[in-house]
1. Sort out for me the Cα centre separation of the stretch 230-290 from the stretch 310-373, rounded to whole Å.
2. Determine ³J(HN,Hα), in whole Hz, for all residues of the stretch 511-519 in sequence, where each value follows from phi through the Karplus function 6.51 cos²θ - 1.76 cosθ + 1.60 and θ = phi - 60°; x replaces Gly and Pro.
3. Dipole magnitude of the stretch 189-249 about its Cα centre, charges +1 at Lys/Arg Cβ and -1 at Asp/Glu Cβ only, in debye to the nearest 20?
4. Based on Cβ point charges of +1 for Lys and Arg and -1 for Asp and Glu, what charge dipole magnitude is obtained for the stretch 69-155 about its Cα centre, in debye rounded to the nearest 20?
5. At a Cα cut-off below 12 Å, give the aspartates and glutamates reachable from Lys180, other chains included and same-chain residues fewer than 8 away excluded.
6. Are there trypsin sites (Lys or Arg not before Pro) in the stretch 53-115 that DSSP puts in a loop and that have at most 13 other Cβ atoms within 10 Å, and which ones?
7. Answer with one residue from Pro360, Thr264, Ser314: the one whose Cα lies farthest towards the positive end of the charge dipole of the chain, charges on Cβ with Lys, Arg +1 and Asp, Glu -1.
8. Checking a compactness column here: for the stretch 393-488, what do you get for Rg(Cα) / (2.2 N^0.38 Å), N being the number of residues?
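The values are calculated or read from the model by the stated rules, or taken from the named source; none is laboratory data. None of the values given here were measured: they were computed from a predicted structure. So basically every Cβ, Gly included, is an ideal-geometry build from the backbone, and we count neighbours across all protein chains shown. Only protein heavy atoms, including side chains, enter the accessible area calculation; ligands, DNA and RNA are left aside. Shrake-Rupley method; radii C 1.70, N 1.55, O 1.52, S 1.80 Å.
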Amino acid sequence: MTEIENDNAGVWRTVLSVAERNPGKEALVYFDDDRAEERVSYEQLVERSRALAAGMVAIGVRRGDHVALWMTNRVDWIASHLASMSIGAVLVPVSTWLKDREVAYVLRQSRSRHLLMLTGFRKLDFPAMLERIEPACLSASPGRICGAELPELRTVTVFRRPGEPAERVPAYAYDAEQLKQEGAAPELMRAIEDEASGDDLAVIKYTSGSTSFPKGVMLEQSGLVRNAQLHTQRLGLTEQERWFSAKPLFHASGSIWGLLSMLTLGGTLVFTETFEAELSLELIERERCTVNFAGTTMLRDELNSPSLPERDLSTVRVVEVLDRTLMEGAMHEMDAELCFMPYGATEAYGVAAIPGPEDPLERRIETCGRFFDGMEHRVIDPKSGDALPPGAVGELLLRGLIMRGYFDKPLETAQAIDPDGWLHTGDLARVDADGYVEFVGRVKAMIKVGGENVAVEEVEDCVRACPGVRDCAVVGIPDERKTQLGRAYVLPYAPGSADEATLHAWCSERLAFYKVPAQFVFVEDLARTGTGKVDRGALEQQVAKEFDEAGALGAGTSKDGRTNGTVA
C-alpha cells in the first residue's frame, strides 16, 4: 500500500511517477470486442499518451479546452484521458449508449471545442451520428468545423479500429494515428506538462441524477487522484494487485475507482471493451486477478454463469457488490476475503464510503462502511433541514472531497451546494453512532436499471412527446436481473391513439436502451395530488403491493401473464 504523498498532485504527474518507478511493468491487459489482446507497460502507456498529447496540441488543443471523448473501453480511451490531463485540458466523457439527441445535448451544453471519437462499435457508426447532429461537418475541412448545432466544436479526431483503412476517417476529421506521428515539438510539450496542475479542472462528467436534464459534474485533477488513493488505502491494496473491470470508462466508477485507483497505485488493469460473463470469468481466472470490479447486472451474470463452479478464482480477494441481494453469492461462490458495498455519487468523485478489511463482517454486509478521511457528513430532515440524530433516516449531506459544481448551471449548483459548503446529495441514508452509512433511497424519484441511474422525469418527457399520448408516469418495478426496470403508465388521448410497439420504437430512437421502459401500461386516468400533479407515490405503492403478492416478474410481462400494452 502506498502513502498519499501530495494532496495536490495532478493525474498525469502521479501516473508519470508510478511509471518512472516501474517502467516495464504491465499497466494494461486489454481484450476488444473481437477478443484481440493488447498488453501495455507503464512506459508504453506514457509514450502513447505523450504522442497523442503532442498531436492534440498541434491541432490547437490548449489548457482549459473542453475535449469530448466518445469511445468504448479501449487503450486509446485511457491514453486520451492521460493526454488531456497532461496538457491541462478538460475531458468530457460521452456515453456510447446515448442516442443522437442525447449526444448533441452533452456536446452542446459542455461547450466542447474538440472531439475524440472511435469510428464505431458493432452496428454503431459514430461519424454518421455526428453528421446527423451537425450537418456542417460534411462541408468542413479538419480543424474548421463551424456549425449552428454545435457552435463551439472546431476539431474532430477519429480513432480507427484495427484493420480499418485510412478512408474510414471522414474528410472533416484528423486521423489519430497520423496525429501521434506529427505532434508538437518536445520542448513545447515539456513546458505545457509543467503548467498542468492538480488544481486544473479535469473532467466534466454528465449524470442525470434525479432530474430530467443531465448536469455536467466538474471534478478537479487532484480530487480524482485523492479519491483513487483513498480507495486503495481503505481496502489495504498494494501495487501487486491485478484488477479486473468491465465497467464503462465513461462512467465515474469505471474511470476513477477502477482505472485511476489502479494507475495511481501501480497495479495492473485487466479490462474488456464490452461485458461478457464468460469472457470476464475466463480473464479473471487466467490473469490471476485479485480484484473483481463489476456492475450489478455484470456480477449477477457472473454468479449465474454455468461455468463458475469449474473456475479457479482463488486469487480473487476483493469483490465490489452494488446490490445487497448479491452479497451472499459473491461471498460464497467467489470466496473473496472482502466483499463490500460502496456509497457514493459522481458529485463526490464517485465513491465516498467503503468498508475495509478491519471492519466486522456484519458491518461489511449490512452497511456501506465509513466515509473516507476528510469527508464530513450530516443527516438532515429533508423538509425542515434540521439535523437528525445517529441512526435516523434523512437526507445525507457531504463536505470535503466534492465537486466544484455543475458546469454552466449556477442555479443547480447553488441548490446542490449550500453557502456552508455542504453537498446536498438527494440521498436518503442513515449513519449510526460509529459512522457506518446505509443507503436507503432517493429523496426525488429515480430508478436504477442494471446499475444505471434513470431519471423518470426524462423518460416521462420522452413518452409524452409521442403523438397520441396525453400524459405519462414512470415508476420502477423489481427485476431479478436488472434490479429494477421502468414501467410507464400511459394516458392516451383516446383509446388506441398510442400502442406499445409505437411507444417502444419512439423511446428507443430517443433514449439510451436502459432508459426505455420495459412495460407500457395504458390507463384511463392517472392519480393526482391536490395540486394536480401525477401522484407517483400512489403508483409506487400500487407496484409494491402488486409485487409483494406476485414476486418479481420478467421484463415486459404483466401480473396476469400478458405482454406489454395491457390496460389497467
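1. Taking the Cα centre of each part, the stretch 230-290 and the stretch 310-373 sit 14 Å apart.
2. Running phi through 6.51 cos²θ - 1.76 cosθ + 1.60 with θ = phi - 60° gives 10, 4, 4, 6, 8, 5, x, 7, 9 Hz.
3. Numbers: 7 positive and 8 negative charges, 93 e Å.
With Lys and Arg at +1 and Asp and Glu at -1, about 440 debye.
4. Details: 11 positive and 8 negative charges, 10 e Å.
Here the stretch 69-155 has a charge dipole of around 40 debye.
5. Cross-link targets: Glu47, Asp76.
6. Working: sites: Arg62, Arg63, Arg74, Lys99, Arg101, Arg108, Arg111, Arg113; in loops: Arg62, Arg63, Arg74, Lys99, Arg111, Arg113.
Listed in order of number, the matching sites are Arg62.
7. Result: Thr264, furthest along the dipole toward the positive end.
8. On the way: Rg = 16.6 Å, N = 96, 2.2 N^0.38 = 12.5 Å.
Working it through for the stretch 393-488, the quotient is 1.33.
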